[in-house]
1. Please determine, by comparing only the residues of the stretch 204-219 that are surrounded by fewer than 20 Cβ atoms within 10 Å (Cβ to Cβ) and in contact (Cβ under 8 Å) with a residue 40 or more places away in the chain, which one is nearest to the chain's Cα centre (by Cα).
2. Would you please name the residue that is nearest to Ala124 (Cα to Cα), looking only at residues in the stretch 136-151 that are without any contact (Cβ under 8 Å) to a residue 40 or more places away in the chain and away from the ligand (no atom under 11 Å from the Cβ)?
3. In this structure, is Met64 modelled with pLDDT of 95 or more, part of a helix (DSSP H, G or I), of a type in the set (A, V, I, L, M) and under 23 Å from Met313 (Cβ atoms)?
4. For residues in the stretch 11-26 being part of a helix (DSSP H, G or I) and in contact (Cβ under 8 Å) with a residue 60 or more places away in the chain, which is nearest to the chain's Cα centre (by Cα)?
5. Do the conditions hold for Ala201, that is, is it more than 16 Å from the chain's Cα centre (by Cα), more than 15 Å from the ligand (Cβ to nearest atom), in a strand (DSSP E or B) and buried (at least 23 other Cβ atoms within 10 Å of the Cβ)?
6. Give the number of residues within the stretch 140-181 that are under 19 Å from the mean Cα position of the chain (by Cα) and among the acidic types (Asp, Glu).
7. Among the candidates Ser397, Ser405, Ser355, Ser345, which residue alone is among the polar types (S, T, N, Q) and in contact with a Gly (Cβ under 7 Å, 6 or more places away or on another chain)?
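The values are calculated or read from the model by the stated rules, or taken from the named source; none is laboratory data. From a predicted model like this one, the values you see are computed outputs, not experimental measurements. For neighbour counting, all protein chains shown are included, and Cβ atoms are generated from backbone atoms with ideal geometry for every residue, glycine included.
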Amino acid sequence: MTAASHASRHERACKVIPGGVNSPVRAFQSVGGAPVFVRSAKGPFITDADGKQYIDFVCSWGPMILGHAFPSVIEAIVEAAAHGTSFGACTEAETEMAEAIRDCVPSVEKVRLVCSGTEATMSAVRLARGFTGREKILKFRGCYHGHGDSFLIQAGSGALTYGNPSSPGVTRGSAQDTLLAEYNDLESARAVFQANADSIAAIIVEPVAGNMGVLVPEKGFLEGLRSLCDGKKTLLIFDEVITGFRLGLAGAQGYYGVKPDLTTMGKIIGGGLPLAAYGGRADIMDQLSPVGPVYQAGTLAGNPLATAAGMAMLRQVRKTGFYATLNQRAEAWEKETRAALQGASVPWCINRVGSLMTIFFTAGPVRDYASALTSDTKIYGRFFHAMLDQGIYLAPSQFEAAFLSAAHDDDVMSRTAEAIRKAAATL
Ligand code: KE4
């Protein structure tokens, strides 16, 4: 009944929205079946349009680190909405948000608020090009930095899921300015860097890759990228749209102790509303209009509802012990998952950093784009549906992260472990 009603909802949506979705990964195409239409969410749960409840490990792809509909976040949005929804003018809330990000993120002296992670990464790259007067960027195969033209070259996430890592519509001009290296392969980055030393504006990297599934940076990789840029004009950009305020208040740069020149953030800082940011050294950021010549703008940038939601979110995650508790629960999550998968007759491996985790259906280790691609996406699809049937909502793609929230309590985690045990036995 449920699947049929989601299929009819999807059929109706496809008549007016390409693929019936406003973001490809939601379409379930790589795992099969009709996408679940969600009507509400609370804590660790989402409830679909038929009233079926699921334990949610997508968490809106990261923002819902407190769990869904966290009371003080909702109250902040309602309170802000009563005073108007958008002014297109300065607000003190934007300053408070910028100060909070500056106070938490080591590389950030100044920050610009935008509406999406894609906007943040596109703007950060334009700023790096404007600041250095150079045109090329170096990215890593399988990393995803949003759908900006410069990034859709061997990209991850939905681009990898749907096998179009390099998208039609991206001009040769854009593509030729994007150089590629292998994640966790410092020598490949060094070789590309040295061959193009005086034309690279920036290296952009997900410090923990979350869009090939979770890939952990090996010792020396991030440090090596930092030293490649040191003393040169090339800037190091950490795309912390996933890891920012996920791995801790200082994100991956705090977790690994490597300081980029620019950082992009999103997801968590908007509290579930459209807010993202890019920031870094003041001498770089002050190249932005209206101070400097590099242009970037946005009607809804720093929107009062989004900054209210974001500040309510940050007030919670800045509480002492928040990340320690979340990361302890995540450790238990991995341990219980490993135990529950013992019954599987197929190869699998797990990568986890903090409260980000991926089960890969390959023997592993999964340390780069090529090894991620050895995952059996058909087995993942079977696992996904075996879990969905038991009321557990995982990412509808092998090449995504699972996200834990502070609302995922012991009861929810033991139900999940039991569901994995049962699903593993069917693989
Ligand atoms: P958005 O434009 O989707 O807000 O952010 C783009 C982006 C930038 N950088 C990183 C590291 C990202 O992971 C993302 C977006 N993440 C995907 C999930 N892997 C968003 C989900 C989707 O595309 O629907």
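1. Filtering the stretch 204-219 for residues surrounded by fewer than 20 Cβ atoms within 10 Å (Cβ to Cβ) gives 216, 218-219.
The next check asks that each one be in contact (Cβ under 8 Å) with a residue 40 or more places away in the chain; those that pass are 216, 218.
Details: Val216: 14, Glu218: 19 Å.
Only one residue tops the list, namely Val216.
2. So, considering only residues that are without any contact (Cβ under 8 Å) to a residue 40 or more places away in the chain and away from the ligand (no atom under 11 Å from the Cβ), the one nearest to Ala124 (Cα to Cα) is Ser150.
3. No.
4. Initially, the stretch 11-26 is screened for residues part of a helix (DSSP H, G or I), giving 11-14, 18-20, 24-26.
The next check asks that each one be in contact (Cβ under 8 Å) with a residue 60 or more places away in the chain; those that pass are 24-26.
Working: Pro24: 15, Val25: 13, Arg26: 14 Å.
Going through the qualifying residues, I end up with Val25.
5. Values: more than 16 Å from the chain's Cα centre (by Cα): yes; more than 15 Å from the ligand (Cβ to nearest atom): yes; in a strand (DSSP E or B): yes; buried (at least 23 other Cβ atoms within 10 Å of the Cβ): yes.
Yes; evaluated as a whole, the condition is true for this residue.
6. 1
7. Working: Ser397 fails: in contact with a Gly (Cβ under 7 Å, 6 or more places away or on another chain); Ser355 fails: in contact with a Gly (Cβ under 7 Å, 6 or more places away or on another chain); Ser345 fails: in contact with a Gly (Cβ under 7 Å, 6 or more places away or on another chain).
Ser405 is the lone residue from the list that is among the polar types (S, T, N, Q) and in contact with a Gly (Cβ under 7 Å, 6 or more places away or on another chain).
One line per residue, one yes/no per condition, for (1) over 14 Å from His145 (Cα atoms); (2) among the aromatic types (Phe, Trp, Tyr); (3) within 15 Å of the ligand (Cβ to nearest atom); (4) part of a loop (DSSP other than H, G, I, E, B):
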| site | (1), (2), (3), (4) |
| --- | --- |
| Gly231 | yes, no, no, yes |
| Phe245 | yes, yes, yes, yes |
| Gln253 | yes, no, yes, no |
| Ile269 | yes, no, yes, no |
| Tyr278 | no, yes, yes, no |
